[in-house]
Structure formats: C-alpha cells, structure tokens
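Below is one structure, written out as structure tokens; the observations come after it.
Here, each number is a calculation from the coordinates, and none is a lab measurement. Because the structure is a prediction, the values reported are computed rather than measured. Positions of Cβ are generated from backbone atoms using ideal geometry, with glycine treated the same way; all protein chains shown enter the neighbour counts.
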Amino acid sequence: IIPAMRGRLASRPAHAVVREAEKLVEAGVKELLVISQDTSAYGVDLRHAESKGHRAHITDLARDLGSLGAGKDLWVRLHYVYPYPHVRELVPLIAEGMVLPYLDIPFQHAHPATLKRMARPAAAARTLDEIAAWRDICPDIAIRSTFIVGYPGETEEEFQTLLDWLDEAQLDRVGCFQYENVEGARSNALPDHVPDELKAERWARFMEKAQAISEAKLAAKVGTRLDVIIDEVDDEAATCRTKADAPEIDGNLFIDEGHEGLTPGQIVAVEVDEAGEYDLWGKLVS
C-alpha cells in the first residue's frame, strides 16, 4: 500500500489498493499480504482522504479488504504495524475475522535507552499493556516481531531487559538480527559499538529464549483443530501454513498422510498431532 520502504511515507489512494486486491481475488488469489514501511500510518500523508467510496485509513482498509472474502476463502495478513493507539481499533476487526489474527510489529528492543538511541518510542512497559489488551479482545491473535541485538551502546543490563521483556511478552513469532553498520545510517557515528563476538553471543542467548517460547506455544496446539492454507504438495507431504504463519518467514504445518489430491491455494481443516520448535504436523479433518 506504501511503495517506498524507506524515506517519507507515500500512501496510495484507498480505492486503488482495494481495486488491485479485487483483481487479485478475481484471479483466484487466496491470501493478501499488506506490506509497507509503516502500515498503521497508512493514509496519514493523505489526511485520511476518501476517494471513490474508500477512506485512506488502516482500519477502513482492513474492513474493505476483509469484505472481499465474504462467502470466500480469503486471508488478509497485516505486516509492519506499529503499536500506535489506533491499533486497538484494528484488533476488534481481527476478532471479527475481517483480517487474520496476526500482527507483525517491529518492536526492535525493550530498553528505553536503547530505543531512544534507535530514535524509536521508548515505551516498552506500555507496550506490554497493549499486548495484554489485544489478547483480551482477541485471545487467538499471533504477534510477530523482529529485534536487534548489539546496537551501539547496548549494555548487558539493556540486553537483559530485552530478555526479561520477551519472557513477559510471550510473542508467537520472533526474528532477531545482529546490528551492522549501514552506509549513510545515523547509527554508524554512535559511540560504544558492541564487539562482533559479544553481538553473536547475545544473539544466541536471545534465540535460545525465543525458541523455547515458540516450542511451548506450538506444543499447546497439539490436539486442536486449525485451518491451514496449502503452499506446496509433493509425494511426501503437503506443506501448509496456519493463520499464525506468514509465507517464507514463519513456520509450516505438514500433512504427511492423506495429502494426495490436495492442491496449492486450498484452505483445509486439520487436527494438530505433533509439534516441533517452529513447525507443526497434522492430519486432515474429514
């Protein structure tokens, strides 16, 4: 919806986004991924203008896109949503099933001093309250995020705050990167760059905790019934994704028995019978 992934936000008119989505659905597309630099800020640069019956606002867009799935199997997934106050307006739409119970929110870190150096809002404690509020409205919501360890000036205390925050947040899907200088970035000039060896060590500690959280959350799904979308079918199995899994970045669910005749794009019901650290296995529900 916002073509530039860097620089000033430039929102497309709402009717243009909806029309593109309509064409994709008419062509048989089963999953729409809404991706931009800051999806929750969609339409701010347009002053949330209305055009041809569609208002440029993230909640309106979510409702418009979700309505395309009326009477059809259609998944709408939101990426790169920042925890601004109006995100609370999105969660009821998620609970209604207008869009998938999935939010991709790049929190990046949890310590206020680190976030300040990153020029990001330093409100990690309030973010935990927001997460709790979202889960109260929509208990099934899956929250994905990415983090950076070893940002210039990150102390052991700051890193430990991040680990403690992750323990409390219990996020469903987590990615982590070790900080690297980027040409032209303001952070290159910051003091106290973290040695590569220490960055790697912190990354390993972070991922160990994130993996344990993921494994426990997936184990809790064993015995439950889930809808999955099929991505690929071969002789050995059907590779699928649940509503909590975006393509290429999250886990998979595998159907390795009775998958003959399934085709990519189908949405089917399965019962989960096995869980790993990041993936699930299941059988078709007849």
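Rounded if a/c is under 1.5, else prolate if a/b beats b/c, else oblate: with a ≥ b ≥ c from the C-alpha gyration tensor eigenvalues square-rooted, which is segment 26-185?
Prolate, since a/c reaches 1.5 and a/b exceeds b/c.
At q = 0.13, 0.19, 0.26 Å⁻¹, what is the log10 ratio I(q)/I(0) for segment 144-231, with the Debye formula run over Cα points and no solvent?
-0.53, -0.89, -1.33
Work through the residues other than His193 whose Cβ is under 13 Å from its Cβ and net out their charges, Lys, Arg +1 and Asp, Glu -1.
Around His193, the charge tally is -3.
Once phi is turned into ³J(HN,Hα) by the Karplus curve 6.51 cos²θ - 1.76 cosθ + 1.60 with θ = phi - 60°, what whole-Hz value does each residue of segment 230-238 show in order, with x for glycine and proline?
Karplus values, whole Hz, x for Gly and Pro: 8, 9, 7, 10, 9, 5, 8, 6, 9.
Please identify every one of the GluC sites (Glu not before Pro) in segment 175-260 that sits in a loop by DSSP and has no more than 13 other beta carbons within 10 Å of its own beta carbon.
On the way: sites: Glu180, Glu183, Glu197, Glu201, Glu208, Glu215, Glu232, Glu236, Glu248, Glu257, Glu260; in loops: Glu180, Glu183, Glu236, Glu248, Glu257, Glu260.
Loop-located and lightly packed - Glu180, Glu183, Glu236, Glu248, Glu257, Glu260.
For a quick check: with amide H placed at 1.01 Å from N, whose amide H comes under 5 Å from Trp75's, ignoring anything fewer than 5 positions away on the same chain?
Those qualifying (amide H under 5 Å, at least 5 residues apart or on another chain) are Glu31, Leu32.
Holding the Cα-Cα limit at 28 Å, pick out from Lys30/Lys209; Lys23/Lys283; Lys217/Lys283; Lys52/Lys243 the pairs that are longer than that.
Lys30/Lys209; Lys23/Lys283; Lys52/Lys243
Given axes a ≥ b ≥ c from the Cα gyration tensor, I'd like to know whether segment 226-285 is rounded (a/c under 1.5), prolate (a/b larger than b/c) or oblate.
Rounded shape, in that the Cα axes give a/c under 1.5.
Let me check I've understood the local charge: for Ile249, count other residues with C-beta under 9 angstrom from its C-beta, Lys and Arg +1, Asp and Glu -1. What total comes out?
Working: positive: Arg144, Arg173; negative: Asp104, Asp245, Glu248, Asp250.
Local charge sum for Ile249: -2.
Counting helices only, and only those DSSP H runs with n ≥ 4, report the 222 nm mean residue ellipticity of the chain as the sum of -39,500 (n - 2.57) divided by its residues, in deg cm²/dmol to the nearest 500.
For the chain, the value works out to -10000 deg cm²/dmol.
Scan the chain and hand back the longest stretch that contains none of the trypsin sites (Lys or Arg not before Pro) lying in DSSP loops with at most 14 other Cβ atoms within 10 Å.
73-286
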